[in-house]
Amino acid sequence: MLDENLARIRAHRNNIHRYRRLLKTRLSELERHFVERRLAEEQSALDGLTAATFPIGFRAAGAPANAAGMAQ
């Protein structure tokens, strides 16, 4: 199960990187909106899967809670 989730996390991260690269290119407004929507969907899916796979949040020493993406 963990291996499957890690593979899914990797796939979402790859897609996010791909969409970010695409946004740096010349796109029509329609294409840009599509890519931005897909990027948001991939980021949301990644966040949910990451939270489910690693339910305990870790913070770097001295880092504020919200810097690690955690609510205070």
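Extension gain for GLU36-ARG21 works out to 4.3 nm (0.36 nm per residue, less the C-alpha to C-alpha distance). Among residues other than THR25 with Cβ under 14 Å from its Cβ, the summed charge is +3 (Lys and Arg +1, Asp and Glu -1).
Every read-out reported here was derived from the displayed coordinates using simple, explicitly stated rules and does not represent laboratory data. What you see is a predicted model; the values in this text were computed from it and never measured. All Cβ positions, even for glycine, are placed from backbone atoms using ideal geometry, and neighbour counts span all protein chains on display.
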